[in-house]
Amino acid sequence: METVNSHSMAVFYAGRVIAGVGLGAASVVVPMFNAEMAPKELRGQIGSFFQWFYTFGIFTSYWVDYAMAEVVPSVSGQWQIPIGLQIIPAGLLGLGMFTLKESTRWLTKKGRHDEAWESLKWIRADESQATIEEMEEIRVGVEMEQRATEGFQVRELVERDNFNRIFTAFAIFTAQQATGATAFAYYGPQYFKLLVGGGNRDLLLTAIFGAIKIVACGVFVLFLSNRIGRRAALIGGAVFMSACQITTAVVVKELPATKTAGVTSSGIATVALIYIFVIAYNLSWGPLPWPYVSEIFPTRIREPAGGTFLLWGLFDGIIAVISFFFLRETQGLSLEEIAHNDYGRATTFKEDDILVQHGPTTTYGSASK
């Protein structure tokens, strides 16, 4: 819908919505399937691969955009081809799903033990004693989880200890977005264009930005994820990112770029600081929130607290309460009414009121008379 359409924004938006629904489902199901089927020794590392491949997708899109700007003369082709290329990984994922078996743990929860054993044998590719023991461990673990969650009530989520854990999960992902990394990911070309000008240099710098992201995230996933503490990595990453952002602000303030300056020393310094920032992000706040949040909930509330719709539903509920008590209506009010009155009240601010109270004021047209 998005690729073949070139005139109707309504059709394009509909395509984006459908793609978003599919991507949202895959973003939940794929990490869950990986976690349930991965060997326990590799579960944390495989869990962090989600962020790595997410970063790889962004990296690929940057270079595709740069290549299209260089070799495709058609303006419409420059955006239709990148969108159309997304069909390839989506198609591979869809076809690959037909080769998979159901999750061993899910089948065990449903009482389908023979199918669960076949699923585990398939993913481990053997029937050794270790695999038999793992199957028994899964069965016992599922039974313990079912006993632990028996009689669960939603109100338990707001008990002090559980609420602290849920709030921590909320804060972790809010902080991840507040780092500014997502803004760089989406608006990188615009940032770099302001720093070094046009001529596709901005797209090249954005592509390099994506390459740095994937290398940094890969280093973390392959070498650091199981060697350093979660808390230490998050604190250290936040400190480095803060230092980079503050230094960038100082450089931009003290040495502002001009429209005719082209590539300047301050622009080069700013680009370098952005690259250092994204390295710090992908060694900490990029990949870590996913496994960290999945680990902090006790067995009794892990499934309901980690359930996507319930978790985000709670967040949306908090946002709704905040909006109700702290946001004021501005529709139909002029800027003067908002500035001079309590803009939540149904009051008006009219020039007639000023004339009555203070008399006429001098206008620009009569100032010289």
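Taking region 178-203 as the region of interest, how many residues are among the small types (Gly, Ala, Ser) and over 22 Å from SER242 (Cα atoms)?
Summing the residues that are among the small types (Gly, Ala, Ser) and over 22 Å from SER242 (Cα atoms) in region 178-203 gives 3.
Residues checked against (1) of a type in the set (Val, Ile, Thr); (2) over 21 Å from VAL64 (Cα atoms); (3) part of a helix (DSSP H, G or I):
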site: GLN177; (1), (2), (3): no, yes, yes
site: ALA183; (1), (2), (3): no, no, yes
site: PHE192; (1), (2), (3): no, no, yes
site: LEU195; (1), (2), (3): no, yes, yes
site: LEU204; (1), (2), (3): no, no, yes
site: ALA216; (1), (2), (3): no, no, yes
site: VAL219; (1), (2), (3): yes, yes, yes
site: PHE223; (1), (2), (3): no, yes, yes
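Please state which one of ASN200, ASN226 is polar (S, T, N, Q) and at positive phi.
ASN200
Considering SER6, SER27, which residue is modelled with pLDDT under 75, surrounded by fewer than 16 Cβ atoms within 10 Å (Cβ to Cβ) and either among the aromatic types (Phe, Trp, Tyr) or within 15 Å of TRP79 (Cα to Cα) (or both)?
None of the other options fit; the residue is SER6.
Per-residue answers, yes or no, for (1) modelled with pLDDT of 80 or more; (2) within 18 Å of THR55 (Cα to Cα):
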| residue | (1), (2) |
| --- | --- |
| GLN177 | yes, yes |
| THR182 | yes, yes |
| LYS193 | yes, no |
| LEU203 | no, yes |
| ILE212 | yes, yes |
| VAL221 | yes, yes |
| LEU255 | no, no |
| ALA261 | no, no |
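Could you tell me which residue of region 38-93 is modelled with the highest pLDDT, considering only residues that are farther than 21 Å from GLY15 by Cβ and among the charged types (D, E, K, R)?
Filtering first and then ranking leaves GLU70.
Residues to consider are THR174, THR206, THR182; find the one that is touching a Phe, Trp or Tyr at 6+ places or on another chain (Cβ under 9 Å) and more than 21 Å from ILE268 (Cα to Cα).
THR174
Say we look at region 1-42 and pick out the residues that are charged (D, E, K, R) and in a loop (DSSP other than H, G, I, E, B); which of these is nearest to the chain's Cα centre (by Cα)?
GLU2
The values are calculated or read from the model by the stated rules, or taken from the named source; none is laboratory data. Small disclaimer: the values here were computed from a predicted structure and weren't measured. Because the Cβ atoms are built from the backbone with ideal geometry, glycine has one as well, and the counts that use them run over all protein chains shown.
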